[in-house]
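Q: Questions regarding the structure given below will be posed in turn.
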Amino acid sequence: MSVRIVCEDGKQQHEIAIEDSPVVIGRGDDATVRIDDRWLSRRHCEFESLDGTIVIRDLGSKHGTFVNDEPIDQLHLNPGDVISIGLNKFRIEGIPAESDTVSVYSTS
């Protein structure tokens, strides 16, 4: 399953296709989506397409990954979920069952 994630952090917009591998969010040079935020770990969290759903997974970040204000290690995402990492908040706009697109928009 191919998934497209769109992230807007107010300064940058990222559009990344997930094919066979997860999309890593972080401030490090090796992150798929790099966000300049001192509260993010170099490899903070990742999004992965898994059995027709989107899973978010914390990668051992120092300050944690939160979905709907709850700390998570791993969670299947639903439309309307709010992801908080560092100083950034993202809202899941949709996880289509038949389509291959998911959008994540900044709420901050």
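The values are calculated or read from the model by the stated rules, or taken from the named source; none is laboratory data. Everything quoted here is computed from the prediction, not taken from an experiment. Positions of Cβ are generated from backbone atoms using ideal geometry, with glycine treated the same way; all protein chains shown enter the neighbour counts. Ligands, DNA and RNA are stripped out before the accessible areas are found, and what is left, the full protein with its side chains, is counted by its heavy atoms. Shrake-Rupley method; radii C 1.70, N 1.55, O 1.52, S 1.80 Å.
Q: Does residue 42 count as at pLDDT 95 or above and over 13 Å from the mean Cα position of the chain (by Cα)?
A: Answer is yes for this residue.
Q: Let me ask you something else. Name the residues in region 68-89 that are open to solvent by less than 70 Å² (accessible area, probe 1.4 Å) and under 17 Å from residue 35 (Cβ atoms), would you?
A: Selection gives 82, 83, 84, 85, 86, 88.
Q: Still on this structure, I have one more. Applying the selection to region 35-59, what residues are open to solvent by 70 Å² or more (accessible area, probe 1.4 Å) and over 15 Å from residue 89 (Cα atoms)?
A: 42, 43, 51
Q: How about region 37-66: which of its residues are under 16 Å from residue 22 (Cβ atoms), of a type outside the set (Ser, Thr, Tyr) and part of a strand (DSSP E or B)?
A: Of everything in region 37-66, those that are under 16 Å from residue 22 (Cβ atoms), of a type outside the set (Ser, Thr, Tyr) and part of a strand (DSSP E or B) turn out to be 45, 46, 47, 48, 50, 54, 55, 56, 57, 58.
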